[in-house]
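J.: Right, I'll just put the structure down here and ask away after.
The values are calculated or read from the model by the stated rules, or taken from the named source; none is laboratory data. Fair warning: this is a prediction, and the values are worked out from it, not measured in the lab. No Cβ is skipped: glycine too gets one built from the backbone with ideal geometry, and neighbour counts run over all protein chains shown. Surface areas here come from the heavy atoms of the whole protein model, side chains and all, with no ligands, DNA or RNA. Shrake-Rupley method; radii C 1.70, N 1.55, O 1.52, S 1.80 Å.
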Amino acid sequence: MRNSTLRALYIFNGIFIFAGMLLGPLYAIYVNAIDTNILAITWSTVANISADTIFAFIIPKVVDRRQNIKELLLLGYLTRAVAFSLFIFARNIESIILLQVLIGIGQGLGMPAFDTIFAEHLETGEHIADYSEWHLISNVVMVAGTFIGGFIVKYYGFDIIFVLMALLSLVSFFGIYFNRDL
């Protein structure tokens with residue numbers, strides 16, 4: 001890849017996706033251990049998607065299209081890193097729902113910013129190749145995160161997953177923060 005901005009996005013957003021997928025499908029098991037009501041998982045997911053949707057709707061109304069895009073991406077990573085680390089202290093469904101709202105806010109801030117930066121740095125005449133390359137990378141990273149996350153939870157429990165998710169999110173944050181190409 002010739003484009004250093006896309007390379008940085010691939011690397012650091014790939015690390016972030018890996019972090020999120022450490023929990024991935026194990027999330028339902030985690031929530032079920034705290035609240036056995038099957039609707040607890042449903043409500044927490046609804047809270048996440050709703051917060052994401054609201055913030056994705058609000059952000060373009062309050063942020064200039066050409067300013068603060070990198071800052072939004074960074075804020076998205078940081079918000080989710082905080083939420084991931086706070087899962088260690090979640091002991092009831094209400095706290096999990098609040099954390100899912102926080103993650104949704106982070107998604108609503110970070111995902112449109114990522115998409116904007118990505119779209120602005122696509123190689124001329126190589127859009128399909130760039131999108132395909134990102135799709136391939138993100139899928140491989142998701143598989144690896146899910147696989148590794150299962151083993152970590154089996155042998156070490158959920159708390160270590162939350163610590164790793166937060167730390168890897170911070171790696172993404174600092175990788176983007178210090179990147180001069182963005």
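J.: So which residues in the range 90-122 are open to solvent by 50 Å² or more (accessible area, probe 1.4 Å), more than 23 Å from L6 (Cβ to Cβ) and outside any helix (DSSP H, G or I), if there are any at all?
T.: Within the range 90-122, R91, N92 meet the criteria.
J.: Specify which of the listed residues (Q100, Q67) is of a type outside the set (D, E, K, R) and either modelled with pLDDT under 90 or touching a strand residue (DSSP E or B) at 6+ places or on another chain (Cβ under 7 Å) (or both).
T.: Of Q100, Q67, the one residue that is of a type outside the set (D, E, K, R) and either modelled with pLDDT under 90 or touching a strand residue (DSSP E or B) at 6+ places or on another chain (Cβ under 7 Å) (or both) is Q67.
Conditions tested, residue by residue: (1) surrounded by 13 or more Cβ atoms within 10 Å (Cβ to Cβ); (2) over 15 Å from the mean Cα position of the chain (by Cα); (3) not basic (K, R).
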| site | (1), (2), (3) |
| --- | --- |
| T124 | no, yes, yes |
| I148 | yes, yes, yes |
| F158 | yes, yes, yes |
| S172 | yes, no, yes |
| N179 | yes, yes, yes |
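J.: Residues in the range 25-44: is at least one over 17 Å from F162 (Cβ atoms), modelled with pLDDT of 90 or more, surrounded by 15 or more Cβ atoms within 10 Å (Cβ to Cβ) and not hydrophobic (A, V, I, L, M, F, W, C)?
T.: no
J.: Residues to consider are I152, I128; find the one that is surrounded by fewer than 16 Cβ atoms within 10 Å (Cβ to Cβ) and β-branched (V, I, T).
T.: I128
J.: Taking helices (runs of 4 or more DSSP H) that do not extend beyond the range 1-68, which have at least 1 residues that are β-branched (V, I, T) and farther than 23 Å from H135 by Cβ?
T.: 27-34, 38-62
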